[in-house]
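Worksheet for the structure shown next.
What follows is calculated from the coordinates using simple rules that are stated; it is not laboratory data. The structure displayed is predicted, hence computed values, not measured ones. Note: ideal-geometry Cβ built from the backbone for every residue, glycine included; neighbour counts use all protein chains shown.
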Ligand code: IMP
C-alpha cells in the first residue's frame, strides 16, 4: 500500500485548473499540494462554506489524509446574486453566453467571485474554513482563452481591465478569490505546523 508523503496536503477536486492555481500558491510557500481526483459525496446547500467543509471532512474520513476542498461561485449584483451557489449548474446550462444575455442592456455589471477553502486534518477532525472574495464586473463580450468557467466574462476591479481568461495563471492568482482564500489557508497552516 502507498504511504502518503509527510506534510503533503491533498486537494479533493475534479477540476485541474483549480488544482494548478492552488498548487502555484502552495509551491510559492514551499508546500506540496497533491491532487485527490476522486468523486466525493456532495451536499446541496446555498452556503459555499458548508459545501466545502462537508467535502473536506468526507474525503479526510474516506482517504485518511489531510484534505482541502474548495467551493466557489459567481455572484452578479443585477441578478440578485445569481448564479452564486448554483454557478456550476448555470455554467453547464447557460454558460458565459447565457449570463451575457441576461445582462443585455443592463448598466450595473458589478459582480463578485467568492471562494471557500475548507481544511480537514484527518478522520474525526473538525474542518476549518478560509474565504476569499474578488470584486469586479461582467464584460460585454467573452474575452480570452485561459482558465475555466466564467473567466472569459469576469474583469477584476484590481486588475487592468482584462478578464481572468486574458491573464496567465500567475496574474489571475494576484487577484482571484481562490488565491486569496488559499493564501489565508497557507498562512494559517504554516503557523500551525511551526507550533507543532
Ligand atoms: P465549484 O462548485 O467550486 O466548482 O464552482 C462552481 C462554478 O463556478 C464552476 O463550474 C465555474 O463555472 C465557476 N467558477 C468557480 N471558480 C471560478 C473561477 O476561478 N473562474 C471562473 N469560473 C469559476
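Restricting 17, 29 to residues that are touching a residue at least 60 places away in the same chain (Cβ under 8 Å) and under 24 Å from residue 144 (Cβ atoms) narrows the list to 17. Counting only helices (runs of 4 or more DSSP H) that fall entirely inside region 44-150 and contain at least 1 residues that are under 15 Å from residue 13 (Cα atoms) and in contact with a helix residue (DSSP H, G or I) (Cβ under 7 Å, 6 or more places away or on another chain), the qualifying elements are 48-63.
For region 173-196, filtering for residues that are within 20 Å of residue 52 (Cβ to Cβ) and either outside any loop (DSSP other than H, G, I, E, B) or without any contact (Cβ under 8 Å) to a residue 24 or more places away in the chain (or both) leaves 15.
Residue-wise test of (1) touching a residue at least 24 places away in the same chain (Cβ under 8 Å); (2) within 12 Å of the ligand (Cβ to nearest atom).
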site	(1), (2)
57	yes, no
60	yes, no
68	yes, no
74	yes, yes
83	no, yes
94	no, yes
100	yes, no
103	yes, no
